[in-house]
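Below: one structure, written as structure tokens.
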């Protein structure tokens, strides 16, 4: 799983450069494989970014995350601005040093978590005012302050502040938020300025309204940003809607720039989105599921809490190169999960991130070989076969 | 910290044998250093046994525990009999395979946790009846059943069932419990029978009453067991009482057999008890403290929750060979502890177990060199110096 692949260049074969650059090495339909190069390292794409919310990928040592093949991790600006605080983080030498991660870090703008976690939110043209969910302290975040905070954290890829609307929503509301996000993108672009080797990405909004999505994409492309995210998806809509929105937006995004689908998703979501031209992903799913007894594997999603595993001496995946998948029985994992043991969370998180990185590496190889559809089909078939066996055994 | 010492034999220089054997290699006053050899490996003494309550040393991968220099871990019979259950554990191949620990395992009898954790306890000559704290199910544990369970778990060193009285207690109550424990020791000895390569230890009781302690020790020695534990200490009494009881008992224990002080203790407790002839220890302190933001270090005990660490870029101990002690700033550990992050528990547990194993290795070398008093004095001085500095800085 973490072994170098014969058909994929290893990150050391690419030289990180002083500049932020993106290169497509091969395509397979809309799907692409390539690399982002930047001073802190190379991000092989399509890439899955483990989420390191509060300066830690939960229940993982940083060197484990790296060893699994993750080239970049995500930090959450909202959490880090509250604790330890951006000015303090800067005094401590920045997020990379703080959390012991030397590779590239992407930070979100903080806006999404403000809207989902903070209390007493007030949003207007200037930005958003809110109270911390940690200690109730009052904060204001403008587009300029979001970029300033991300700079203080030392982030390599920074995201514009945007407003993300939960679906379903009224088209008028979606349109208002999309236009506000566009105006904020311009202000973030000015605030970011020119930072050699770093990048700021814009975020396409527009909910489930194709015309708004296209308008948002075109307006952002006109700003000539370093990369483009598709935001406001995986917020309650069916997978088909999400995929349709990707298909709507993709033709309007420049081929020479990376595309990042925010907050997505399941392994199936990743495969279907890569097939539609997405280069980067982040999601709490593998880490959060790991803390709740769920394993993502070659054999589908396995709920270790289920009593059927109590005497199952098989590992999660005997062919994996990840010790968590290979060296512990399902019976033991079941016991750890049932007993609320930290080691259960550690092992399942490790397994899940390994599986996600393995899936990304498999897709990169498949795209390079022009056989992404076969790879995805075989992967899905293996899940379905194992799940049918489990259902028959129940 | 985990590096081989020039003056100490590495475990591979000892051959594990088919038989359970104990050898004293050097003494320094009452203190001794040596080794227990048995089929599953060699335990260098004095030894600290990390506690693996529910088949896991909490927040640690098994190979980390081994790499720190732990030769043996402790399993809790009470927890394991409730979950996953002894018969199930036997079907799964035993505790070693279950938890991925190939070295020796010592199990307690279950009695202590029954009295501290279970509800609706009823204790009589036959044993103890109780309800599980997990699901309320009814259980009975006799001396014979305790040994049977420990056998089903596959334990290498098994403990007699005893009754442990919390101090302070009435002498009559202490005496009653001590005599019951002696009768149970005889029954456990019969139940254990002869098991090549395995051992059953008796437990000296008698609270804080010297005459009872001596009587208990002498009666147990008459049973010719493989090793002797001192139980019923570190249960609320001052350290001076504990040390006095060790001094009372020690002359009555055979020099050719290992002595195990149960449930002890702080690093200072360990040094003072080793100086009084104890060979083995177990305690939840390093692991439990690690989950509560406390670090044991060469610089004394450090409470990472304290705000003074918020901008302290120093590691816990830059000279340690343990990555948790060396590669992360106190500011980062403070942040993780304040944020209730699992990684904080992982790193502090790792640090603490490393420090405990380092302390044991240091004591073994010091005894071999006839300089245990100097070693202990210097260690205590370093703690005091650092603690005085912290107090002055506050």
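Summary of computed values
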| item | result |
| --- | --- |
| Normalised contact order of chain B, rounded percent, pairs of Cα under 8 Å and 6 or more residues apart | 17 |
| Over 51 Å [Cα-Cα, the protein assembly as shown], rounded percent | 24 |
| Sites residue A:292 and residue B:124 - FRET efficiency at Förster radius 30 Å, r taken between beta-carbons, to 0.05 | 0.10 |
| Residue of A:311, A:163, A:250 that the Gaussian network model of chain A assigns the largest fluctuation, springs spanning Cα pairs under 10 Å | A:311 |
| Exposure proxy order (Cβ contacts within 10 Å, fewest to most) of A:181, A:321 | A:321, A:181 |
| Spin-label model distance (nm) - residue B:173 vs residue B:19, 7 Å beyond Cα toward Cβ | 4.4 |
| Exposure proxy ranking, count of Cβ atoms within 10 Å, fewest first, for A:350, B:383 | B:383, A:350 |
| Cβ-derived FRET efficiency at R0 30 Å, residue A:148 paired with residue A:240, nearest 0.05 | 0.15 |
| Inter-chain shielding of A:91-98 (mean C-beta neighbours from other protein chains, 10 Å cut-off) | 3 |
| Rounded tilt (10° steps) of A:210-222 against the dominant C-alpha axis of chain A | 70 |
| Highest-MSF residue in chain A out of A:329, A:339, A:216 [GNM, Cα springs under 10 Å] | A:339 |
| Whole-Å semi-axes of chain B's equivalent ellipsoid (Cα gyration tensor) | 33, 24, 22 |
| Length gained when the stretch residue A:214-residue A:284 is fully extended (0.36 nm per residue, less Cα-Cα span) | 22.4 nm |
| Gained length - residue B:252 relative to residue B:268, 0.36 nm times residue gap less alpha-carbon distance | 3.3 nm |
| Debye-sum result for region B:290-393 in log10 I(q)/I(0), which assumes one identical scatterer on each alpha carbon, at q = 0.14, 0.21 Å⁻¹ | -0.54, -1.06 |
| Segment residue B:390-residue B:311, extension gain: residue separation times 0.36 nm, minus the distance between their alpha carbons | 27.0 nm |
| Helix-only mean residue ellipticity at 222 nm for the protein assembly as shown, each DSSP H run of n ≥ 4 adding -39500 (n - 2.57), per residue, nearest 500 | -12500 deg cm²/dmol |
| Span from the region B:39-62 Cα centroid across to the region A:97-146 one, whole angstrom | 43 |
| 5 Å-binned pair-distance histogram of region A:139-228 (Cα, whole percent) | 3, 16, 25, 22, 17, 11, 5, 1, 0 |
| Length-normalised contact order for region B:290-393 - Cα pairs under 8 Å, 6+ apart - percent | 32 |
| Fluctuation leader among A:348, A:253, A:167 - chain A, Gaussian network, Cα springs under 10 angstrom | A:167 |
| Bridge type composition, the protein assembly as shown - antiparallel percent by DSSP, nearest 5 | 55 |
| Normalised contact order of region A:204-260, rounded percent, pairs of Cα under 8 Å and 6 or more residues apart | 44 |
| 0 to 90° range, to nearest 10: angle between helix A:239-249 axis and chain A longest Cα axis | 40 |
| Tilt relative to chain A, helix A:342-368 - C-alpha long axis, 0 to 90 degrees, to 10 | 80 |
| Packing-based exposure ordering (other Cβ within 10 Å, fewest first) of A:27, A:319 | A:319, A:27 |
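Every read-out reported here was derived from the displayed coordinates using simple, explicitly stated rules and does not represent laboratory data. Note that the coordinates shown come from a computational prediction; the quantities given were computed from them, not determined experimentally. Quick reminder, even Gly has a Cβ in these numbers, built from the backbone with ideal geometry, and neighbours come from all protein chains shown.
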